[in-house]
Every structure is written in structure tokens, then in C-alpha cells.
Amino acid sequence: MPHSPSSRRRVRARTAGAAWHPVRVNPAESPFVRACRRLPVPHTPVWYMRQAGRSLPEYRALREGVPMLTACATPDLIVEITMQPVRRHGVDAAIFFSDIVVPLKAIGVDLDIKPGVGPVVADPIRSTDALGALRPIEPDDVPYVGEAVRGLVKELGPVPLIGFAGAPFTLASYLIEGGPSKNHDHTKAMMYGEPALWHDLMDRLTDITIGYLRIQAEAGASALQLFDSWVGAVAPDDYRAFVLPHTSRIFAALADLDVPRIHFGVGTGELLGLLGEAGADVVGVDWRVPLDRAAERIGPGRAVQGNLDPAVLLAPWEVIESRARDALERGRAAEGHVFNLGHGVLPSTDPGALTRLTEFVHAFPVS
């Protein structure tokens with residue numbers, strides 16, 4: 001359901017919140033990129049995972065009647081949805097609006113995103129024969145991605161755009177289970193019982209992920225984030241044996257792009273050292289581990305990102321301020337700190353709370 005530029009302008013005119021007045025600096029010199037590179041910053045940069053989405057009334061209005069995968073393949077919609085929280089909240093970075101299964105859909109995997117459920121795969125991959133469905137991704141598979149990134153770079157001006165992709169473990173879980181899973185039974189059964197098949201699958205997903213991230217960076221994205229939503233289900237020894245070789249290959253393959261690389265997983269407190277070892281410039285931390293302790297686990301040479309519990313934003317402002325202050329103070333233990341939530345913005349979050357939190361973070365002394 002394409003939206004013309006004129007319709008996007010009409011939507012923008014209806015967007016609530018503060019006016020969009022960017023400061024004229026190069027994205028590479030922005031506070032966000034500088035913090036990722038562990039350089040001095042004028043203020044702690046802040047953006048929010050899932051900042052473009054269901055907490056915003058303007059997003060809900062734009063998405064009405066538009067399936068998720070259609071929205072993710074429509075450049076005008078991608079640009080407008082990505083821009084909405086930047087205009088409203090004044091955050092220091094935009095996150096490309098998409099979904100982690102988009103590259104799988106683009107290469108021909110039969111899947112859909114069902115409301116209230118998530119990605120559902122028609123034919124789960126549980127044998128060597130099924131691996132034939134997975135091939136490297138090419139720019140022509142996702143022309144809307146390059147078009148949208150280029151449009152966003154023009155519209156964002158000095159504000160960096162973060163491109164992203166799902167990590168191989170999380171993508172593998174969806175493909176093997178056929179959809180979201182609480183225990184990842186089939187996934188772990190393959191990992192433990194058929195390691196050759198597991199690594200073949202992970203190798204193919206690693207190639208897809210590298211290709212998809214490079215497409216975004218080469219179109220103009222200023223940073224790249226690898227999301228591993230389900231990898232917290234893996235024990236450290238298993239992460240080292242079954243996951244780390246593949247995530248390390250991704251970050252090594254992106255090194256020549258000279259953009260910050262961010263690695264984020266949920267429930268990864270016991271894996272933080274390994275996430276740091278994988279090779280990203282920034283390690284995202286969920287709310288379960290205080291940032292000063294997380295920085296110690298991750299080790300030197302890395303910035304940290306995080307880590308306010310998203311549910312805190314449902315509490316009174318006094319609680320939000322106290323918890324944000326604690327995260328900011330603990331973040332000083334790291335060599336660089338990008339303030340964020342410990343996971344995505346909850347749909348019931350008051351957008352005004354995010355705007356106020358952004359202003360609080362920006363005003364907080366960096367030292």
C-alpha cells in the first residue's frame with residue numbers, strides 16, 4: 001500500500017510533539033557516533049529500541065490497515081515511521097523501521113508476521129534438504145531498503161541512522177520452531193544433536209545477515225545493530241561453541257565499512273563477556289545487569305548501550321528520573337555510553353514520558 005510523498009507530508013503535518021530542528025553537524029561527529037567510538041561527548045546520547053512504533057498515535061494512524069511486511073517494503077512509509085520519534089522526542093539517532101525477518105522474506109522464505117503472534121514460518125527448517133531455501137541476499141532483493149535509507153539520510157541530515165538485522169541464532173530459532181518459542185526446543189535439539197546441520201544453517205544465516213547489513217551501510221546508514229532477541233536462552237559454553245563463531249564473522253565482515261557496530265541480546269547477563277569478545281564496538285545491555293557491572297564483564301575497548309527497564313516508563317516521573325539517573329551514573333564506568341532502554345518501548349508507554357526522559361538525559365552531566 002504505497003504512500004506518495006504528498007501523503008507523507010500530510011502525515012508529517014499531523015505529527016504531534018516538538019518541532020524538528022536539527023543541529024547542523026556531520027552524523028559521523030554526532031554525540032551518538034562519538035559515544036560509540038568512546039570519544040568525548042557534549043551530552044550522553046539517547047535513542048530507544050522500538051522508538052518508532054506502537055507507542056506513537058501517529059504511527060498507529062499511519063499503519064491502520066497496512067500489514068507489517070507491506071509497511072516494511074514501502075519506502076515512503078519506512079521513511080515517515082522512522083522519522084516520527086526523531087521529530088517528537090529529539091533523540092540522537094534514528095533506527096531504520098523494518099523487521100528482522102524482512103531479508104528472509106525477500107529471498108523467498110514463506111513467512112508472515114501475524115498480529116499478536118509474531119513471525120510465523122510455513123515450512124520450518126529441520127533437515128539438510130530444507131537449507132536450499134536459504135541463499136545470499138542481493139540489493140535487488142530489497143530495493144526498497146536502499147531507497148528508504150537514502151531518503152532517510154537526506155531527511156535526517158545530521159542525525160545518524162542505525163541500520164539493523166536479526167542475528168543468526170534468533171533467525172534460526174524462528175526458522176526451526178516455525179514461530180516464536182518459549183523454550184526453543186527444536187532449536188536446541190538441532191544445536192546439540194545435529195551440530196553439522198546447525199553450523200550449516202548458521203553459516204547461511206550469517207551470509208544473509210552480512211549482506212543485509214552491508215546493503216544498509218552502503219546506502220548511508222551511520223551505524224549497524226545486530227539484534228539477538230533469543231540468544232539469552234543459551235549457556236555461555238554453548239554460546240562459545242555454537243554462536244560466537246558466526247557473530248564474530250559478521251562483525252569482522254563489517255569492519256571495513258568504518259561504522260560503529262552494536263551487539264544486543266536479551267537475557268545475556270552471563271554472556272556479556274562473550275558478546276564483547278564477538279567484535280562489536282558497542283555492547284547493548286538489558287535491564288537485568290547494572291551498567292557498571294556490565295562494563296566490567298564486557299571488558300575494555302567497548303562502549304555500552306542501555307539499560308533502563310522499559311516497564312519503568314509506566315511509573316510516575318519521580319521513579320523514571322531516579323532509575324534513569326542511576327543508569328547514567330553507572331554508565332560512567334564504561335568507556336562510552338549510549339543511553340537506551342534494556343529492550344523495546346512498550347506499546348502502552350506515554351510518548352510524553354519518552355520526550356521528558358530524552359530531555360533529562362541530555363541535561364545530565366557527562367562527568
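A run of the chain free of exposed loop cleavage sites, with trypsin sites (Lys or Arg not before Pro) counted only in DSSP states other than H, G, I, E and B and at most 13 other beta carbons within 10 Å, reaches its longest extent at 183-367. With no solvent and one equal point scatterer per Cα, compute the Debye intensity ratio I(q)/I(0) for region 217-265 at 0.20 Å⁻¹ and report its log10, rounded to two decimals. One equal scatterer on each Cα of region 217-265 leads to -0.72. Working note: Debye formula, equal point scatterers on the alpha-carbon atoms of region 127-250, no solvent; log10 I(q)/I(0) at q = 0.14, 0.20 Å⁻¹ is -0.65, -1.09.
Spatial offset of region 51-78 relative to region 174-208 amounts to 30 Å, using the alpha carbon center of each. By the rule of a C-alpha distance below 12 Å, with chain neighbours fewer than 8 residues away ignored, the aspartates and glutamates paired with K105 are D141. Along the Cα-to-Cβ line of L39, 7 Å from the Cα, sits a label point; which residues in region 80-123 have backbone N less than 11 Å from it? Once the point is set 7 Å along Cα→Cβ of L39, nothing inside region 80-123 turns out to lie under 11 Å by backbone N. Taken along its three principal axes, the alpha carbon spread of the chain comes to 54, 49, 39 Å, from the longest extent down to the shortest.
Each reported figure results from applying straightforward, stated rules to the coordinates on display, with no laboratory input. Keep in mind it's a predicted model, so treat the numbers as computed, not measured. Every residue, glycine among them, receives a Cβ derived from its backbone with ideal geometry; neighbour counts consider all protein chains shown.
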